[in-house]
Amino acid sequence: MAEHPGVATACAAMLRRDLTLAWRRRGDIAMPVLYALIVTMLFPFALGPEDTLLQRIAGGVILVTVLLAMLLALDAMFSSDIEDGSLEQLVLAPQPLALLLGMKILAHWITTALPLIVIAPLMAAMLHLPGAVIPVLLLALLLATPLLSLLGAVLVALTAGTRRSGMLLALMLLPLCVPAVIFAAGAVAAAQQGLPWLAPIAWLAASLALAVVLAPLACAAALRIALDA
Amino acid sequence: MSNWIPLWLHRLSSPPTFYRFAGTLQPWAMTLALLLGAVALYGGLVLAPADYQQGDAYRIIFIHVPSAWMGMFIYAVMGVAGFIALVWRIKLAEVVAMQSAPIGAAFTFITLVTGSLWGKPMWGTWWTWDARLTSELVLLFLFLGVIGLYHAFEDRRQGARAAAFLAIVGVINVPIVHFSVNWWNTLHQGSTVNVFGKSTMSWDMLWPLLTMTLATKCYYAASLFRRVRTDLLDLEGGKDWVRQIAESEADR
Amino acid sequence: MNALQHFLAMGGYAAYVWPAYALFFVVLIADTVAPRLRRHQVLRELRARLARQSVRQERKPPSTPASP
């Protein structure tokens, strides 16, 4: 028997594989970005182009739009791996499943959330969000999107064994994301009103630290339940 | 010799034993629920005096508050049963967790609608984004998510385990949701509502409330027993004990 | 009669109190009836399956092929 590669090597290989696969289908990466831009564009049409109104809702609209765009992409996190059977291989691998899944979640975050964060200033400009608030918005997104990816991964893993999962995923995930939305939007709103915004950011960071530790473990357990037939 | 409790529990967790046990207890629980409920309704609707601030509208409290408590209580039961189902793989725990979910959703729904009916005359609005109301709404969505996930699987036992896992994730998340909504509420100093203006309730109002709480607990037990019995029959369809029941009830 | 009317009026809040109680009972009655119906359905299906099985077993012993 050949010696098993180390955990670090396996994790790096996992990350490289997922990123390569995503890069080969670059069109899929662009989809959530386009979706977010179009949804943002619809708001001025629906509410009228007044600056003050758009400024007031900008932070919340961007956060909810990013959340929904991520939700659309979340479904695909494990689906291709289940179809070609590589997920079963992953479960049987000698390396800890939680770490490998953590790498998959990281790859998914890089390919879906990072492009959304990159275009967030553009969305902010579309809704006339003051330039001074944009760094806080980006910081809030940088902390909130991994939280959503981690939480979403657990639920996607749970639905891995089912046929129809799109709407079900939304039903399960959205109530659980209430805290992330509240703190992220709270930070942006506080910055907009010139109030201290560090407290909600700190709460977000604390939840993220908790999720980084717990979510991969929960994801591994959920996947074992969902694939155990 | 104190190991008769685990032994008894072990025996009880076998489906045919539990089927008979639940069948014996179920009518008693239902009778008790109806009796206590009737007493509580009489006490609450007739005997209790009208509130000096809220008039007679406060009488909704006698079903609203017990339902709210039951919603949370049933979620806790579901979480604990789900945990037992995942750790020890006991079939009965899976069934209890999954059959609790619709009852919990029913109570949470009652809480939301009666709360809304109470809020309209008292606060002048059907809905306000108060921490308690919002948490209750999230609780309803969690129940519905658990039910939805359970039914999404072809294999019922696998669905039960997945949904039990979701219930446990929810148990961790509900306090965080409640805390975050509280924090959000202090940020947006909108319509902060204090339902219980005075902290102490008079005994005339308290005893029907507590009696109704007991009645809903008994009702939950009865409803759970009925649902679990039905589900066990469905789940164990091929076994001998189910066949005997099916044959003995053929005449009716 | 007057007392009953007074009771039903609920101090002017009848439009809120009674629908709340009505909903409470409707939801709980639905919750009681649904498993009963399901129980009947489950037992009916089970009996149908048992009947099919017994028919098949009766047909088996004479090991000749079924007559057309």
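Considering only B:PHE143, B:PHE83, B:PHE107, the Gaussian network model of chain B with Cα springs below 10 Å gives its largest mean-square fluctuation to B:PHE83. Local charge for B:LEU210 was computed over the other residues whose Cβ lies under 13 Å away, with Lys and Arg +1 and Asp and Glu -1, and equals 0. Of the GluC sites (Glu not before Pro) found in the stretch B:90-170, those that fall in a DSSP loop while having at most 12 other beta-carbon atoms within 10 Å are B:GLU154. Here the stretch B:26-248 is described by how far its Cα atoms reach on the three principal axes: 62, 42, 24 Å, from widest to narrowest.
The loop-placed trypsin sites (Lys or Arg not before Pro) in the stretch B:1-103, going by DSSP, that have at most 13 neighbouring Cβ atoms within 10 Å of their Cβ come out as B:ARG89. Would you compute the Debye intensity of the stretch A:52-143 from its alpha-carbon atoms alone, equal scatterers and no solvent, and pass along log10 I(q)/I(0) at q = 0.12, 0.15, 0.19 Å⁻¹ to two decimals? Each listed q corresponds, in turn, to -0.50, -0.66, -0.87.
What the pair-distance distribution of the protein assembly as shown shows, using all Cα-Cα distances binned every 20 Å from zero, is 18, 43, 32, 7, 0 percent. Report summary: the helix-based calculation at 222 nm, which adds -39500 (n - 2.57) for every DSSP H run with n ≥ 4 and divides by the residues of the protein assembly as shown, gives -27500 deg cm²/dmol.
Here the translational diffusion coefficient of the stretch B:77-193 follows from Stokes-Einstein with Rh set to the Kirkwood radius across Cα pairs; for 10 °C and 1.306 mPa s it amounts to 104 µm²/s.
Residues with beta-carbon under 9 Å from that of C:TYR13, excluding C:TYR13: net charge, scoring Lys, Arg +1 and Asp, Glu -1?
On the way: positive: B:ARG59; negative: B:ASP56.
Cβ neighbours under 9 Å give a net charge of 0.
What is the P(r) of the stretch C:2-57, as percent of Cα-Cα pairs per 10 Å bin from 0? Pair shares across the bins are 20, 22, 18, 15, 11, 9, 5, 0.
Once the Cβ-Cβ distance between B:TYR52 and A:LEU122 is put in as r, and R0 is 45 Å, what FRET efficiency do you end up with, to the nearest 0.05? Don't jump to the answer; show the numbers that get you there.
Details: r = 58 Å, r/R0 = 1.29.
Efficiency, rounded to the nearest 0.05: 0.20.
Place a label point 7 angstrom from the Cα of C:ARG36 along the Cα-to-Cβ direction, then list the residues of the stretch B:29-71 whose backbone nitrogen is under 15 Å away. Label zone hits: B:30-31, B:34.
What relative contact order, as a whole-number percentage, does chain A give when Cα pairs under 8 Å and 6 or more residues apart are counted?
Once normalised by length, the contact order is 26 percent.
Given axes a ≥ b ≥ c from the Cα gyration tensor, I'd like to know whether chain A is rounded (a/c under 1.5), prolate (a/b larger than b/c) or oblate.
Prolate.
Neighbours of B:SER116 by Cβ distance under 12 Å: Lys/Arg scored +1, Asp/Glu scored -1, total -1.
Every read-out reported here was derived from the displayed coordinates using simple, explicitly stated rules and does not represent laboratory data. Everything numeric in this text was worked out from a predicted model, so none of it was measured. Ideal geometry is used to build each Cβ from the backbone, glycine not excepted, and the neighbour counts take in all protein chains shown.
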